[in-house]
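To keep things clear, I will list the structure first and then write my remarks on it.
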Amino acid sequence: MKLYPINESKPVFSHQFQVNDPKKNNFIPGDVAPESGIYMVIHSHECRPSHSVTVLWGEIFPECSKCGDEVSFQPVISAVHVREHDLFVELS
């Protein structure tokens, strides 16, 4: 399978999340990801230092295997999955 750009006149880049209301930009286990992108993970019990993960739109934020539901996810950069971007199509 190969992916090809179908319209080279539009640039493709990630953009910063809109951070207008901090409460709307702090997600907990069980919440549904509003956008695909990179999220900073903050663990409550310091079982691990903060780190980043990629989450796709519509996925449910998971619990941490060590600190359970006492973990939060803060959006850093939104991104569209290449297969969902209108500039790329799958050719067989």
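Limited to the stretch 43-75, what total is found for residues that are part of a loop (DSSP other than H, G, I, E, B) and either over 14 Å from residue 30 (Cα atoms) or not acidic (Asp, Glu) (or both)?
Pass one, the stretch 43-75, residues part of a loop (DSSP other than H, G, I, E, B): 44-50, 56-59, 61-63, 65-67, 69-70.
Filter once more, keeping what is either over 14 Å from residue 30 (Cα atoms) or not acidic (Asp, Glu) (or both): 44-50, 56-58, 61-62, 65-67.
Result for the stretch 43-75: 15.
Among the residues of the stretch 72-86, count how many are of a type outside the set (S, T, N, Q) and modelled with pLDDT of 85 or more.
Quick first cut of the stretch 72-86, residues of a type outside the set (S, T, N, Q) only: 73, 75-77, 79-86.
Filter once more, keeping what is modelled with pLDDT of 85 or more: 73, 75-77, 79.
Residues flagged as of a type outside the set (S, T, N, Q) and modelled with pLDDT of 85 or more within the stretch 72-86 amount to 5.
Among what's in the stretch 27-53 and is farther than 11 Å from residue 71 by Cβ and polar (S, T, N, Q), pick the residue that is modelled with the lowest pLDDT.
36
The values are calculated or read from the model by the stated rules, or taken from the named source; none is laboratory data. Fair warning: this is a prediction, and the values are worked out from it, not measured in the lab. Reconstructed Cβ throughout: ideal geometry from the backbone, glycine too, with neighbour counts over all protein chains shown.
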